[in-house]
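The values are calculated or read from the model by the stated rules, or taken from the named source; none is laboratory data. Please read all numbers here as calculations on a predicted model, not as lab measurements. Glycine also receives a Cβ, built like all others from the backbone with ideal geometry; neighbour counts cover every protein chain displayed.
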Ligand SMILES: Cc1cc2nc3c(=O)[nH]c(=O)nc-3n(C[C@H](O)[C@H](O)[C@H](O)COP(=O)(O)OP(=O)(O)OC[C@H]3O[C@@H](n4cnc5c(N)ncnc54)[C@H](O)[C@@H]3O)c2cc1C
């Protein structure tokens, strides 16, 4: 299947199952089971799995486009799917033959869902400074001890990509390791159900790791190459899944308010809101904001897919820019749509609540601009 065909398929699943389930995902804070299963049935869960392992062999651009399409209908569903793809990419970056067989092939076959468990209560948005410990045990085993927060797909995935501190006794904070952990490992203790302001279907739960044992073959990549993992895999995929999702939110808000301005006519003047110059100007501004953000996201992801090292800054800035874009556009759309939009569970209400997560999901907007500045000033990016 080529990219156009894949995007058509994404659109088809989004217009049917995702659209049908979306209201319940938000109103009932329901994890999007039916939508995720539909994505799996259609082979889309293998979007970023290599063709060799049975997947679609796509990269960041396809991920951005997919999350954008789904995010325009259900942002929670897009993030649940996106976090699965990020976890998949982290597993796939340096998968051993055994990991390919145990994880990537089942993922591509739609039989296995994974996700990311990086954030911790201790280090918050600094997800690259985990304090979860990875202790080396006899018999080629690791013992994992610590706490994670906001694990999207928490309790629903078949495996969790977990970040830990470096394994060597003298490891610095930057030398984190990732392991993949199957859902039924002894010692996984889930916190309460997720109750978010927005992104209500995410099942972003906390997780305590009570001396969970995993075999050393579940280590992803080699020890010591974890900084590579952050900038080559975790950050680009994580940022792209979010960028696409929030772009979808901005576009959905725009479409909604554009339609409203064309439909609403005042009786006293007989004028449609679409005929008022001030509103025309503001709609033009909104469109330009979305379009320049879209161009940045598409350009950054295409550049990264080509392996251009210069893509790092555009990828970082894309998520910061889309966070501003989504929040600003939805906010403005809410004003333009007037009191009619300012009601419980209006489409713009849902989009506004979902968009607000953009700034606080790591790397946060403030941290991203700081990282950009550091990179441009030749300073180490990952300074605490
Ligand atoms: C809906 C949702 C889904 C999520 N899904 C996942 C997931 O799937 N996997 C996962 O691992 N995590 C996930 N997260 C967690 C997320 O990525 C962040 O780690 C989390 O939101 C950080 O929250 P905090 O309150 O600990 O932030 P804090 O770290 O306490 O930050 C609070 C504020 O301070 C600012 N700040 C902190 N340090 C600095 C600094 N040095 N300089 C400038 N400003 C700073 C931040 O930018 C932020 O604005 C999710 C979060 C949400 C809300």
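Quick rundown of the values:
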quantity	calculated
Subset of the range 142-154 that is on the phi < 0 side of the Ramachandran plot and within 11 Å of the ligand (Cβ to nearest atom) - its residue that is surrounded by the fewest Cβ atoms within 10 Å (Cβ to Cβ)	149
Selected residue (criterion: farthest from the ligand (Cβ to nearest atom)) from residues of the range 101-125 that are farther than 24 Å from residue 190 by Cα and in contact with a helix residue (DSSP H, G or I) (Cβ under 8 Å, 6 or more places away or on another chain)	109
The one condition in (1) modelled with pLDDT of 95 or more; (2) at positive phi that residue 224 fails to fulfil	(1)
Entirely in the range 334-379, the helices (runs of 4 or more DSSP H) that have 1 or more residues that are within 21 Å of the chain's Cα centre (by Cα) and within 13 Å of the ligand (Cβ to nearest atom)	347-355, 357-360, 365-376
Residues satisfying the stated conditions in the range 121-156, i.e. at pLDDT below 95 and under 21 Å from the mean Cα position of the chain (by Cα)	121, 123, 124, 125, 126, 127, 128, 129, 130
Boolean, residue 382 is away from the ligand (no atom under 13 Å from the Cβ) and more than 21 Å from residue 74 (Cα to Cα)	no
Residues that are over 12 Å from the mean Cα position of the chain (by Cα) and either away from the ligand (no atom under 15 Å from the Cβ) or closer than 14 Å to residue 105 by Cα (or both), drawn from the range 61-87	61, 62, 65, 69, 72, 73
Conditions (1) within 20 Å of residue 3 (Cβ to Cβ); (2) modelled with pLDDT under 95; number of the one not met by residue 62	(2)
Listing of helices (runs of 4 or more DSSP H) fully contained in the range 211-326 that carry 3 or more residues being more than 25 Å from residue 128 (Cβ to Cβ)	235-263, 277-305
Scope the range 126-141; condition surrounded by fewer than 22 Cβ atoms within 10 Å (Cβ to Cβ) and in contact with a helix residue (DSSP H, G or I) (Cβ under 6 Å, 6 or more places away or on another chain); matching residues	140
